[in-house]
Structure formats: C-alpha cells, structure tokens
Amino acid sequence: MIHAIGIDIVEVGRIEDIINRWGIAFIQRIYTQEEIDYCACKARTSIHFAARFAAKEAFMKCLGDDLRHGVTMRHIAVVNNRNGIPVLKFHQGLADRLASRGIMTAHISISHTDNYATAMVILEKT
Ligand SMILES: CC(C)(COP(=O)(O)OP(=O)(O)OC[C@H]1O[C@@H](n2cnc3c(N)ncnc32)[C@H](O)[C@@H]1OP(=O)(O)O)[C@@H](O)C(=O)NCCC(=O)NCCS
C-alpha cells in the first residue's frame, strides 16, 4: 500500500547560481559521488543537479517529522540504471529506518526542461 507521496519542483537557474557561488562545497554537501559523476558527464550539469535536488526534497516530503529527523540530502541518492531509469538509493542507516516502518520500496520519476526540474516520489509499505 502507498505510505506517502512527495513532489517537488526546482528552478534550474537557482541551482546554477548556488553552484556558481559555492561550487564543490555545495555539490559535496548535497550529492553523492555517484550523482556527481552522473551529472558531470551531461551537457548542462545544473539541470541534472536540479532534478536530483527536487528528488531529495520530494523524498523528504514523504517522511514525517519523526522519520525525517537526522536525514541529510546525501543520505538519499538518485541512481540511473543502464536504461536510464532513475532509482532511489539510501544510506544504510536510512534504509534500515525505513525498513523498520515496513517501507521497502521507493518509486521515483523525474522530468526537466531548461528552466525547471521536477521529481515525484512514492513510498510503498508492505
Ligand atoms: C525516457 C524518456 C521518457 C525521457 O523523456 P524526456 O522528455 O526526454 O525527458 P524528461 O526531462 O521528461 O526526463 C528525463 C529524466 O527521465 C528519467 N528517465 C530516463 N530514461 C527513463 C526511462 N526509460 N524510464 C523512466 N524514466 C527515465 C531520468 O531520470 C531523466 O533525468 P536524469 O537523466 O537527470 O536522471 C524518453 O526519452 C523516451 O524514451 N520516451 C519513450 C517514448 C519515445 O520514444 N517517444 C518518442 C516518440 S517519437
């Protein structure tokens, strides 16, 4: 059954400005190395960073205050499988916390234009 849904939209220009201002310090605070490597090989990296920012925020919306406590953006990663399909991957501690609540599956969908990136997350409970 569905435990929660979350959605977020991010202005690509906002993320671009933050990256231009804070550079690697911002990137390493928010994204995992796998995400950084994925975005780095894209033509306009900020679109993909923005999409991942939206994904993390959408996931955060799915968590109640209680579950959200102590979760950071780097605990959540978007990984694309060999077909390009995005999948959410969690830091072990967060995965364990989700599992303890019966939340075993997370679905994600991402879309972006030059100006906006959006993501939707659905958490499923067994
Ligand atoms: C995969 C597809 C749906 C992406 O759509 P798009 O409008 O180009 O791109 P969007 O901005 O909406 O979405 C991009 C995101 O979709 C996700 N994505 C990529 N391939 C995916 C797939 N096979 N399934 C689900 N999601 C996918 C990725 O997360 C990607 O963002 P990321 O690279 O930053 O992770 C599209 O390329 C496709 O293959 N469509 C199939 C139908 C088709 O061939 N139509 C053309 C008929 S002429």
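The values are calculated or read from the model by the stated rules, or taken from the named source; none is laboratory data. Owing to the predicted nature of the structure, the values given are computational and were not obtained by experimental measurement. Note that each Cβ is placed from the backbone with ideal geometry, even for glycine, and that neighbours are counted across all protein chains shown. These accessible areas exclude ligands, DNA and RNA; they are computed on the full protein's heavy atoms, side chains included. Shrake-Rupley method; radii C 1.70, N 1.55, O 1.52, S 1.80 Å.
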* How many residues are over 8 Å from the mean Cα position of the chain (by Cα), surrounded by 18 or more Cβ atoms within 10 Å (Cβ to Cβ) and of a type outside the set (A, V, I, L, M) when one looks only at segment 47-61? -> 2
* To do: Kindly provide the set of residues from segment 62-83 that are surrounded by fewer than 16 Cβ atoms within 10 Å (Cβ to Cβ) and either within 18 Å of Tyr31 (Cα to Cα) or away from the ligand (no atom under 11 Å from the Cβ) (or both), ordered by number.
  => Gly64, Asp65, Asp66, Arg68, His69, Gly70, Thr72, Arg74, Val79, Asn80, Asn81
* Please work out which one of (1) surrounded by 15 or more Cβ atoms within 10 Å (Cβ to Cβ); (2) more than 14 Å from the ligand (Cβ to nearest atom) is the condition Glu35 fails and give its number. => (2)
* Asked: Between residues in segment 1-24 that are open to solvent by 100 Å² or more (accessible area, probe 1.4 Å) and of a type outside the set (Phe, Trp, Tyr) and residues that are modelled with pLDDT of 95 or more and part of a helix (DSSP H, G or I), which pairs lie under 7 Å by C-beta distance while being six or more apart or on different chains?
  -> Ile5/Cys62; Ile9/Ala54
* Answer yes or no: is there a residue in segment 85-95 that is aliphatic (A, V, I, L, M) and near the ligand (Cβ under 10 Å from one of its atoms). => yes
* Search result, residues across segment 84-118 that are closer than 22 Å to Arg29 by Cβ, open to solvent by 60 Å² or more (accessible area, probe 1.4 Å) and in contact (Cβ under 8 Å) with a residue 12 or more places away in the chain -> Lys89, His91, Arg97, His112
